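This report refers to the structure that appears directly beneath it.
Only the coordinates and a few stated rules stand behind these numbers; no lab work does. What you see is a predicted model; the values in this text were computed from it and never measured. Backbone-built Cβ (ideal geometry, glycine too); neighbour counts: all protein chains shown.
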Amino acid sequence: MIGVASPLFCGTPFPRMAEAIAEHFELWEVLSEGQHRLDLVRDDLVRARDSLGLRFQVHAPMSDVNVGSVYEPMRLAAVNEIKQVI
């Protein structure tokens, strides 16, 4: 199975992106950022799975998230952001 992922997808509404991806791929690695934050698209993800037959992987947020930060408040905020996706 060949899948697809791109941070650029986050700027397109999830349902429209899911339809476009389903035409060419069976798997989409959704980056949980922008319009595709997991807490915003959870229901859309289930609908796309059921109606389009897409399979999904979810990638944790990347923008402004640094779990290796030496500045503890930033590191803790980054860890918290990733925990919310899990």
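Counting only GluC sites (Glu not before Pro) that DSSP places in a loop and that have at most 14 other Cβ atoms within 10 Å, the longest clean stretch of the chain runs over 27-86. Our summary gives the chain a relative contact order of 27 percent, counting only alpha carbon pairs under 8 angstrom and 6 or more residues apart.
Report the Stokes-Einstein translational diffusion coefficient (µm² s⁻¹, integer) for the chain, Rh taken as the Kirkwood radius over Cα pairs, at 4 °C with viscosity 1.567 mPa s. All intermediate terms of the calculation are to be shown ahead of the outcome.
Numbers: Rh = 13.6 Å.
Estimated diffusion coefficient is 95 µm²/s.
Sparse packing (at most 16 other Cβ atoms within 10 Å of the Cβ) combined with a DSSP loop state is found for the following chymotrypsin sites (Phe, Trp or Tyr not before Pro) in the chain: Phe25, Tyr71. If you run the Gaussian network model on the chain, springs between alpha carbon atoms under 10 Å, then out of Asp39, Asp64, Asp50 the most flexible one is Asp64. Modelled label positions at Ala5 and Val70, each set 7 Å beyond Cα in the direction of Cβ, lie 2.9 nm from each other.
In plain terms, the residue of Ser6, Ser32, Ser69 with the fewest other Cβ atoms within 10 Å comes first and the most crowded comes last, giving Ser6, Ser69, Ser32. Label positions at Asp44 and His24, each projected 7 Å from the Cα along the C-beta direction, are separated by 1.9 nm.
Secondary-structure-derived ellipticity at 222 nm for the chain, considering helices only, amounts to -14000 deg cm²/dmol, per-run term -39500 (n - 2.57) for DSSP H runs with n ≥ 4.
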